[in-house]
Structures are given as structure tokens and as C-alpha cells.
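Quick notes on the structure that follows.
The values are calculated or read from the model by the stated rules, or taken from the named source; none is laboratory data. Since we're looking at a predicted model, the values are computed, not measured. Neighbour counts are summed over all protein chains in view; Cβ atoms, including those assigned to glycine, are modelled from backbone coordinates with ideal geometry. Surface areas here come from the heavy atoms of the whole protein model, side chains and all, with no ligands, DNA or RNA. Shrake-Rupley method; radii C 1.70, N 1.55, O 1.52, S 1.80 Å.
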Amino acid sequence: MQPSAPSPAPSPASPAAPRFDERLTAPRSWWVIVALLGLSGGLITFPLGTVPTLVGLIAASVLAGVAVSSYGSARIRVVAGSLVAGDARIPVAALGAAEALDAEEARAWRTHKADPRAFMLMRSYVPTAVRVVVADPADPTPYVYLSSREPEALLAALEAERA
């Protein structure tokens with residue numbers, strides 16, 4: 001499960017094609033945990049017989065799989081003049097300066113530098129991030145913090161969308 005590569009710039013024939021598209025998928029190790037949780041579900045129901053063991057195995061695997069899959073379905077896109085991060089859609093015109101954050105700086109912005117009013121789409125398994133200032137004076141959100149495996153590509157897409 002690799003993140004999708006940044007999309008190339010849209011051609012004039014398709015103005016709605018995304019300039020950047022990244023899915024923050026869960027790491028492979030989490031899927032090993034899903035398998036272990038399924039096995040645990042089967043072991044818990046083992047004393048009840050074969051059918052309950054299979055039901056417990058399948059039910060625990062499915063529930064854990066759905067939880068990991070939904071958590072790893074967060075998506076960041078730059079498309080049609082907007083930055084789309086999860087459920088948020090922010091016009092690029094309302095955004096100010098953006099900066100790529102390395103692992104250490106990203107950790108600082110997630111912890112002691114964080115503003116509780118900021119919009120944060122963060123995933124613990126993605127060490128790098130992008131911080132974008134919200135320039136709209138009517139918006140109380142000071143900045144947008146986005147975990148990203150490709151922070152430089154996201155910055156380039158935002159700059160290209162502004163131009």
C-alpha cells in the first residue's frame with residue numbers, strides 16, 4: 001500500500017484534474033495487527049466450537065480491517081483552485097505562505113507549537129508535513145497542518161495552482 005504519486009499538471013482539456021493527490025494509507029505493519037486481532041477473535045471463541053471460532057475470526061478481522069482502512073483513507077488533493085484535505089475544502093486564494101516540515105519540525109507543530117484553532121489532518125505514521133497559513137481574515141483558523149509523505153510536491157502543486 002504505497003501512497004499515490006503526485007499527479008502531473010492537468011492538461012488544458014481537463015481543468016478539473018488534480019495537481020496533487022495523496023492518500024495517507026496505513027502502513028503494512030498495521031495490517032499484521034489486523035491479522036493478529038482476527039486470530040485473537042478466533043481464539044476467544046475457540047472453546048465454543050468450530051463454527052463460532054470461524055465467526056469470531058472473521059468478525060474480528062473484518063472489524064479491525066474496517067477500522068484501519070477508514071483511518072488510512074484520508075486524502076489530500078490540490079484540485080480546481082482548492083486544497084482538499086479530508087472533509088475540508090479551502091480555496092487556494094484563501095491560503096498564505098506554505099512550508100514543508102521535516103520530521104523534527106512537524107513533531108514540534110503537532111505538540112508544543114500547535115494552536116488549538118488550527119485544522120490538522122495528521123497521521124502518526126507519516127513523519128513529514130506541510131503547514132499552510134490561512135490568509136482569510138474572516139477565518140479564525142490560523143493555519144492548516146497536513147501530514148504528507150510528499151511535502152515538496154504538495155508545495156509545488158499549491159504554488160502552481162496560485163499561478
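Quick notes on this structure:
- Within the option set 23, 123, being open to solvent by 80 Å² or more (accessible area, probe 1.4 Å), under 19 Å from residue 150 (Cα atoms) and at pLDDT below 95 holds for one residue only, 23.
- Which listed residue is of a type in the set (Val, Ile, Thr) and within 14 Å of residue 147 (Cα to Cα), from 76, 58, 44, 33: 76
- Residue that is most open to solvent (accessible area, probe 1.4 Å) [pool: residues in the range 98-120 that are under 15 Å from the mean Cα position of the chain (by Cα) and aliphatic (A, V, I, L, M)]: 120
- Some residue of the range 135-151 being more than 30 Å from residue 29 (Cα to Cα), open to solvent by less than 50 Å² (accessible area, probe 1.4 Å) and not in a loop (DSSP other than H, G, I, E, B): yes
- Pairs, first over 17 Å from residue 153 (Cβ atoms) in the range 94-113, second outside any strand (DSSP E or B) and charged (D, E, K, R), C-beta under 6 Å, six or more apart: 94/136
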